[in-house]
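Since the structure comes first, as structure tokens, the remarks are kept for the end.
Please treat every number below as a calculation from the coordinates, not as lab data. All of these numbers come straight from a predicted model, not from anything done at the bench. When we count neighbours, we look across all protein chains shown, and the Cβ atoms used for this are built from the backbone with ideal geometry, even at glycine.
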Amino acid sequence: MSLILRLKKIHQIDINQDANQPPVKMTRTMEHFLTKKSMEEVSKLAAMDGFSFNSIAKSDFIQRNLQSQRGKYDKLQPPSANGVRNMVMNYYITKKEELIHYFKKEVALGIRYSLTLDENTSIQNKRYMNINVHGKDNNWSLGLIEIHGSLNSKRTEQFVRGHLREFGLNLDIHIVGCTTDGASLMVKFGKEIRPDHQQCLTHCIHLSVSNILYQKNIENIASTDETDKKSEEIAITDDSDDEADISQQDTFLNRLGSRKCLFSPAKT
């Protein structure tokens, strides 16, 4: 007993405390043995390359690369699909908080941004809306908004305002311009919001070119049928080919100019 008191009084060692409190086994998560760089790499595999959580967890190549970064925890078992999912979500929360803090500092200095957004339907027939924020030197994707049910201009505005609010941005104060495609829904949305709205010129050019190519194919088919019927009566010369090329160029320019969105000024 005297030895126990001596340890406690002189050496500050309480052996009874250790005896009464059994060691608690700590459950380690992926963050305990993955570096920040490897967490970013795994998150990119899932978000950018489309790897499923299960594929990442079962990939020998990925696990070998993660193994080299685990340090003293190299004896831990490879993470499960749920472990990969939790790691990706935790990394997303961390990056989102960093972006919120960044926007907060920038808007306090008077910095303003513009938006690009578009609606997309996946091969699983699920609808999403993507919102991108553009600054002078940087661009950020704020992620996808899953859409359920019908979508109109009012719901679109609600989605955009709500998603921007999650990052500390206000559509009326911090956003000066917005670019969308020429869909009627987006055109109406652009008229109802305060920031300037501009339809994407690339979409207009694509529609114009596709329209011309499609019309050209129809004309070629009709011309081929006519040629088969009257092949003995038609003589094709180099001069007529040149005139046809010039005519097609004029048609292209005329149809391109007919796309009003190419020349419609942004709302002031």
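How would C178, C200 line up from fewest to most surrounding beta-carbon atoms within 10 angstrom?
Going from least to most buried by this count: C200, C178.
Taking neighbour Cβ counts within 10 Å as the exposure measure, how do I205, I175, I145 sort from fewest upward?
I205, I145, I175
Of all DSSP beta bridges located in the stretch 112-213, what percent are antiparallel, nearest 5?
65 percent
Please go through the stretch 94-152 and write out the trypsin sites (Lys or Arg not before Pro) that DSSP classes as loop and that have at most 10 other C-beta atoms within 10 Å.
Here the sparse-neighbourhood loop sites are K136.
Of the options V176, F189, C200, report the single residue whose Cα projects farthest towards the positive end of the charge dipole of the stretch 112-213 (beta-carbon charges: Lys, Arg +1; Asp, Glu -1).
F189
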